[in-house]
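One structure is given below, encoded as structure tokens.
What follows is calculated from the coordinates using simple rules that are stated; it is not laboratory data. Since we're looking at a predicted model, the values are computed, not measured. In this analysis, Cβ positions are derived from the backbone assuming ideal geometry, glycine residues included, and neighbour counts consider all displayed protein chains.
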Amino acid sequence: MTSQTPVESGAPPSAVKALESQHLLQTYRRIPVVFTRGKGVYLYDDSGRRYLDLISGIGVASLGHANPALAAALADQAQTLIHTSNLYYHELQGQVAARLAALSGLPRVFICNSGTEAVEACLKFARRFWYTSGDRQRTGFVALEHGFHGRTMGSLSVTWDEHYRAPFEPLLTDVTWVPASDPDALVAAVSSTTAAIIVEAVQGEGGIRPLSPEMAAAIERARQRNGALVIADEVQCGLGRTGTAFGYQRLGLQPDLAAIGKALGAGVPVGAALVSQPVASAVSFGDHGTTYGGNLLACRAALVFLDALTSGGLQEHVGEVGGRFGEGLRALAARHSVIREVRGAGLMWGLDLAVDATAYIDAALNRALLVNRTANTVVRMLPPFVITRAEVDEALTVLDGVFTDVARPFDS
């Protein structure tokens, strides 16, 4: 098969799609839109049409698109130094780690490239802790139904939905699943062979399902009873997304390890595993590594985001506009009975519908609003942290029109 000519900038969508269909591994079922630029909370397609982006690259574009501070920092860093490897020191990794330690209460940080890698690191460090402690039986994990933790072999093993796991089994075999709404089941599942419990404060891919205070209390009881470690997967719900720096802080839960990613680089790939001192003390040189992780470009992006979050007023802004968004979504549910439940906090929301959500996602796209479907019936929204009250109101107006467009018997 001969290769097609490279697609020039501004090529028609058909050429973009044709080139991908010939050469790109077909693991993504793409929505047929070609985006060419962005600004703030808006994306623009190849014909110049503007879309209000409520998904922000699945929670990644935390500072919006084409953020001037981020662009300037990346341009400056690219002209100075991008990568040296972890064979040597550079001045930015320690700064990122110190900022994350202060935010999280976890004093040690392993910087990697993505949330999945961060989860993978946490699973390894949890097992390493018990190995170093001399307890070779502590290899199991307790995970929650509807949880999603990634697609690498370890993170996939603790991801609940079987359709993700089945084609790649056997995975880790010592994983116990617990209903996310059953505190007693969780306590019963944690045993002397449990290395760690892994939880999301708000389950993202599972349908924007907040962990209850009762489940958080059960996790703490289980930890106190037999010492199992706690891993908080904060990849989607962390770093200010729910209105606090970390979702587990809303629950009064202090994990032994936490995985972060997505929002941290505001579009630049970066993740991190945050680790307690006891766990860190069990880790030795060579136990884990990454070639790209912690490079200067990624660290510079993380510092721009952390500056905005902690001293730029972004955290307070998320709380304010997130409250407005939640109120508006609940009012929307009162008008459209197809919406069974509104779930979420801050700028992480899901509308659980009485029917499959696909038609509503398509109708939103037709109205130039970007949301996505997860857990079959949930319309998920993860807008950029910089969204304004006026833009929230615009989004709510469009959503109201979407639910009117796709009228169902529930609204009769």
**Q.** Separation of the Leu81 and Ala217 label points, Cα + 7 Å toward Cβ, nm
**A.** 5.2
Q: Could you pull out every residue, at least 5 positions away or on a different chain, whose amide H is within less than 5 Å of the one on Ala195? Hs are placed 1.01 Å off N in the peptide plane, and Pro or chain starts have none.
A: Thr139, Gly140, Phe141
**Q.** Ellipsoid semi-axes in whole angstrom, largest first, where each is sqrt(5λ) of the Cα gyration tensor of region 108-182
**A.** 20, 16, 12
**Q.** Förster-model FRET efficiency, 35 Å R0, Arg225 and Ala390, C-beta, rounded to 0.05
**A.** 0.10
Q: Quote the relative contact order of the chain in percent (integer), defining contacts as alpha-carbon pairs under 8 Å separated by 6+ residues.
A: 20
Q. Between Arg136 and Ala11, how many nm apart are label points set 7 Å from Cα along the C-beta direction?
A. 5.6
Q) In sequence order, what are the phi-derived ³J(HN,Hα) couplings for region 313-324 according to the Karplus relation 6.51 cos²θ - 1.76 cosθ + 1.60 with θ = phi - 60°, rounded to whole Hz, with x for glycine and proline? A) x, 5, 4, 5, 4, 4, x, 5, 6, x, x, 5
(Q) I need the shape label for region 222-284. Rule: rounded when a/c is under 1.5, else prolate if a/b > b/c, else oblate, with a, b, c from the alpha carbon gyration tensor. (A) oblate
Q) Using a simple spin-label model with points 7 Å from Cα along the Cα→Cβ vector, what separation in nm is obtained for Glu169 and Ala354? A) 3.5
(Q) Once R0 is set to 30 Å, what does the formula 1/(1 + (r/R0)^6) return for the Cβ-Cβ distance between Tyr88 and Arg37, expressed as a FRET efficiency to the nearest 0.05? (A) 0.25
Q. Given (1) 66, 63, 39; (2) 64, 48, 44; (3) 61, 56, 52, which label gives Cα extents along the principal axes in Å as computed from the coordinates?
A. (3)
**Q.** Summed residue charge, Cβ within 13 Å of Leu257's Cβ, Lys/Arg positive, Asp/Glu negative
**A.** +1
Q) How high is the relative contact order of region 71-310, in percent, counting Cα pairs under 8 Å that sit 6 or more residues apart? A) 29
Q) With charges only on Cβ, +1 for K and R and -1 for D and E, what is the dipole size of the chain about its Cα centre, in debye, rounded to 20? A) 280
Q. Of the peptides 329-338, 155-164, how do they stack up when ordered by the mean number of other Cβ atoms within 10 Å, highest first?
A. 155-164, 329-338
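Ordered by packing density, taken as the mean number of other Cβ atoms within 10 Å over each peptide's residues, highest first, how do 139-146, 168-175, 364-371 rank?
Working: 139-146: 21.9, 168-175: 12.6, 364-371: 19.8.
Descending packing order for the listed peptides: 139-146, 364-371, 168-175.
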Q) What is the spread of the Cα atoms of region 71-310 along each of their three principal axes, largest first, in whole Å? A) 55, 37, 36
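Could you order peptides 41-49, 76-84 by the average number of other Cβ atoms within 10 Å of their residues, highest first?
Highest-to-lowest ranking by the protection proxy: 41-49, 76-84.
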Q.
Can I get the semi-axes of region 41-200's equivalent ellipsoid? Compute them from the C-alpha gyration tensor as square roots of 5 times the eigenvalues, in angstrom, largest first.
A. 35, 24, 15
Q.
Loop-only chymotrypsin sites (Phe, Trp or Tyr not before Pro) in region 259-336, please: DSSP not H, G, I, E or B, and at most 12 other Cβ atoms within 10 Å.
A. Phe285
Q.
Could you tell me the calculated FRET efficiency between Tyr28 and Trp177, based on Cβ-Cβ distance and R0 = 35 angstrom, to the nearest 0.05?
A. 0.80
Q: Would you please state which residues of region 133-149 a label at Ala188 would reach in this model, taking the label point 7 Å out along Cα→Cβ and a backbone N cut-off of under 18 Å?
A: 142-145
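Looking at the chain, send over the antiparallel percent of its DSSP beta bridges, to the nearest 5.
Details: 32 of 49 bridges.
Taking every DSSP beta bridge within the chain, about 65 percent pair in antiparallel fashion.
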Q: Sum up the charges of everything whose Cβ sits under 12 Å from the Cβ of Tyr164, counting Lys and Arg as +1 and Asp and Glu as -1, but leave Tyr164 out.
A: -2
